[in-house]
1. Only one of (1) touching a residue at least 60 places away in the same chain (Cβ under 8 Å); (2) surrounded by fewer than 12 Cβ atoms within 10 Å (Cβ to Cβ); (3) among the β-branched types (Val, Ile, Thr) is not met by ILE732, so which one is it?
2. Look at LYS375 and say whether it is farther than 21 Å from THR157 by Cβ and touching a Leu at 6+ places or on another chain (Cβ under 6 Å).
3. Going by what's in this entry, would TRP78 be described as open to solvent by less than 10 Å² (accessible area, probe 1.4 Å), in contact (Cβ under 8 Å) with a residue 12 or more places away in the chain, under 24 Å from LEU470 (Cβ atoms) and among the aromatic types (Phe, Trp, Tyr)?
4. Of the residues MET559, MET546, only one is within 30 Å of GLU9 (Cα to Cα), modelled with pLDDT of 90 or more and in contact with a Ser or Thr (Cβ under 7 Å, 6 or more places away or on another chain); which?
5. What's the number of the only condition in (1) open to solvent by less than 90 Å² (accessible area, probe 1.4 Å); (2) part of a helix (DSSP H, G or I) that TYR803 fails to meet?
6. From CYS409, CYS425, grab the single residue that is surrounded by 13 or more Cβ atoms within 10 Å (Cβ to Cβ) and in contact (Cβ under 8 Å) with a residue 60 or more places away in the chain.
7. What is the one condition in (1) surrounded by fewer than 17 Cβ atoms within 10 Å (Cβ to Cβ); (2) among the hydroxyl-bearing types (Ser, Thr, Tyr); (3) modelled with pLDDT under 85 that THR832 does not satisfy?
8. Can you list residue pairs whose Cβ atoms sit under 8 Å apart, with the first residue in segment 227-240 being open to solvent by 100 Å² or more (accessible area, probe 1.4 Å) and the second being in a loop (DSSP other than H, G, I, E, B)? Count only pairs 6 or more apart in sequence or on different chains.
Amino acid sequence: MKEIEKAYEAKQFEDSIYKQWEESGAFTPKVDQDKPSFTISMPPPNATGTLHLGHASMLAIQDIMIRYKRMQGYSALWLPGTDHAGIATQNRVEKNLAEEGKSRHDLGRKDFLKEVDKFVDTSRNTIKSQIRKMGSSCDWTRERFTLDEGLSKAVRTMFTKMYKDGLIYKGDRIVNWCPRCSSTLADDEVEYKEVKDKLYWLKYGPFTLATTRPETKLGDTAVAVHPDDARYKEMIGKKYMIPGVLGDFEITVVADKEVDPEFGSGAVKVTPAHSFTDFEIAKRHGIKSKSVIDEEGKMKDNCGKYAGMTTTECRKEIVKDMEKMGLMEKIEDYDHKLSICYRCKTTIEPLISKQWFVAVDKPVIEHEGKMKTIKERSIEVVRNGEIEIIPERFNKTYFNWMENLHDWCISRQIWYGHQIPVWYCSDCDEEIVAEDAPSKCTKCDSKNLKQDPDTLDTWFSSGLWTFSTLGWPEETEDLKYFHPTSVLETGYDILFFWIARMIVMTTYGINQIPFEKVYLHGLIRTRDGQKMSKSKPETCIDPLDMIKQYGTDALRLSMVIGATPGNDLRLYEEKIAGYRNFVNKIWNASRFSLMNVEDEHLETEFDPKKHIVSKADKWIITKLQYLIKDTTENMEKFHFSEAGTKIYNFTWGELCDWYVELSKGEHLNPHVLVYVLKNLLKLLHPFIPFVTEVLWKNFKEDKMLIEADWPEFDKELLFNTEVEEMELLHQIISDIRSARAEHAVEPVKQVHAVIYAGKHKDFLEEKREPLMRMARIGELEIFEKGEKLDRAIALLTPHYEVYLPLHELIDPDKEKKRLEKELDNLKGFEKTLSGKLSNDGFLNSAPPEVVDKEKRRLKETQESLKKIEGELAHF
């Protein structure tokens, strides 16, 4: 008999267990051509980040995948790392400097970047420690950082390759500009919020135009109408002088299909320098542009008395002036979506700027004899099934986004990040693109070179993540063996930010897919469905606090059970506490079992022919086999919630409530108990690794549980006849327990029971001891059949009759009402079954075995009705 602690205290074990795992080398797979590989690239959290529930959920799901595949014998690599997160990190450090009264310009680029590096080093250690807290079995020996030397080389190599292929170019284009971050943003880094605004109807020469931004009138150069709009047919191609607050100005009328003739008056003012749509219209019609808003979001010097005002201030003043001049027809309330920066929530200003872009519509990839664009190839690999997105409904979202993808602006006006590998010669203006800094100009040999000050969009480097982390551009063994990766698991909210870019960069860069499957988890929400927000601390749950209070295993289970791909999950503290109770249940069941077995039971290999003795043994062994089969199937389908729920129900129900209770009497079979527990711990391990590993230590195994083999379904260990009999025993015990509770019989009080068991008489005699013990029966009589008993609670089924002669405890009226209620329920069920079986549609379409099953249920229901009607006749 082995004594283990009475209670499981997670904090006493978790850190030491994790250290043992890491030091054992279990996290570090080897390149082994005799084994299949399974790879997950961990979506790199921001280097400045701290663990939140979104991270915790991601880590729990990925760890389940990797532990499962490791136990199946795969060389399973989970590669961790962190993202430098350029804009976010620079903003954090600039904020810290501002508290000291300094700016980055006071330090200069070199010293500022030293400050950032110091800050990031501390932050990275924090997030890495928190990843460990979640039990993440990732390979720390292969950890990467998007700014480490290897990945920086990969970025420079990819930029150079794309530039040489004509995919990267520099040009004046309209971009999303954040005045707060002082940088461009990609289209998918722009968020939209609903605002209540004003719609201004302007008197505009011969037109009346509607706009939400009257201040941009200062930059107007055209008016656009739809080519089919009869109202303006005669005006197309003509020039008009328009009265303005700074004097008259000239516009040209152009016809363009982008114009919505239903919006406003059907004519729109065109401000090419400050609207994406207007920029494209101007480009199509050769219309000049005029920039009137600068990078600080203020009006430029060419705006007369409005110069230096913010756009908001200018709008107020220009509206006043227009009203005074009679240029404002009316102002209406107007609801619309405002573009804001995803980082700082500042209003975006579309500006024309010289930036670096990736051309998405240039054919550069040769595939199956055809030249394809990076956009076409990225759509193709999902459409033809090379990459599977789970759940499938997100395919439509992906295709919609990719098909509408414009050239990607990759330059950012910040200091922290991958500086663009382009140098300019001060003597001859030569532009040099190179993987490494050139020593002299390739054209004039001058050494007077200056590197482009801009940095690359963070998503450019993270787009290379799956293959750059494995050693590319070198042809490493890791790259050959572990790529393409197996699964990308991440939140559906970064489908465009990251997933699409990885597909673009990998299919182009190395002519492979980055991953075979994409598993998208949902957002974590509050109990009432609210989004958890830092601005509302009361809605947030800190995963580290929950780990401290309830243990990592409980937190992991609470985020997996009930979660399905692509759907949001509601999480609250009581749910986490509930799974802590489940962890304790496993501990207590294992503790009881280990205290009732000897060393020889632990050391002896399980032999089914020798060690399976009773029908109870056959029942639990059969249930376990079906659990292994169902769990494995669900894990393969990524149905982790279903797998976890089945294991949970088996543990709490079949094992703890029934088999362990049966084992407390004459049915104790140590060999079966050990066999079931060991296999259950294996099934539970991917979900709750800490408590299972602690318990595993007591089973005298050579290897740790993390290295154990996944259980395999064995159809030779199915005993379905015995299962039916044991289910009958459970039903009788449950019925008696329910009757006792309904009649308020004290738990300690033993009752008298008479059972008419029919063909099951011998079986119930065999199970007399557990039946009496578990149903709290003091006197038990078992017959094949017999007369109905007066003044007794009757529990009637087609398979058995149970009478509990409780005499003075029975209220005849109450018992009659109970039977009448049961009779009504059965009549309703009989009506439903009869209706189904008289429906030709059901009879013709349902499989024969389903029809037969329904016929049996109807027959059993009718037999129960007769018995209850007979019982009621006594009243």
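1. (2)
2. Values: farther than 21 Å from THR157 by Cβ: yes; touching a Leu at 6+ places or on another chain (Cβ under 6 Å): yes.
Yes; evaluated as a whole, the condition is true for this residue.
3. Working: open to solvent by less than 10 Å² (accessible area, probe 1.4 Å): yes; in contact (Cβ under 8 Å) with a residue 12 or more places away in the chain: yes; under 24 Å from LEU470 (Cβ atoms): yes; among the aromatic types (Phe, Trp, Tyr): yes.
So TRP78 fits the description; yes.
4. Working: MET546 fails: in contact with a Ser or Thr (Cβ under 7 Å, 6 or more places away or on another chain).
Residue meeting the stated conditions: MET559.
5. (2)
6. Values: CYS425 fails: in contact (Cβ under 8 Å) with a residue 60 or more places away in the chain.
One residue alone meets the criteria, CYS409.
7. Exception for THR832: condition (3).
8. Cβ pairs passing all conditions: ASP228/PRO261; ARG231/GLY266.
The values are calculated or read from the model by the stated rules, or taken from the named source; none is laboratory data. Please read these numbers as outputs of a predicted model, since none were measured by experiment. Positions of Cβ are backbone-derived with ideal geometry, glycine not excepted, and every protein chain shown enters the neighbour counts. When the accessible area is computed, the model is the full protein with side chains, heavy atoms only, and any ligands, DNA or RNA have been set aside. Shrake-Rupley method; radii C 1.70, N 1.55, O 1.52, S 1.80 Å.
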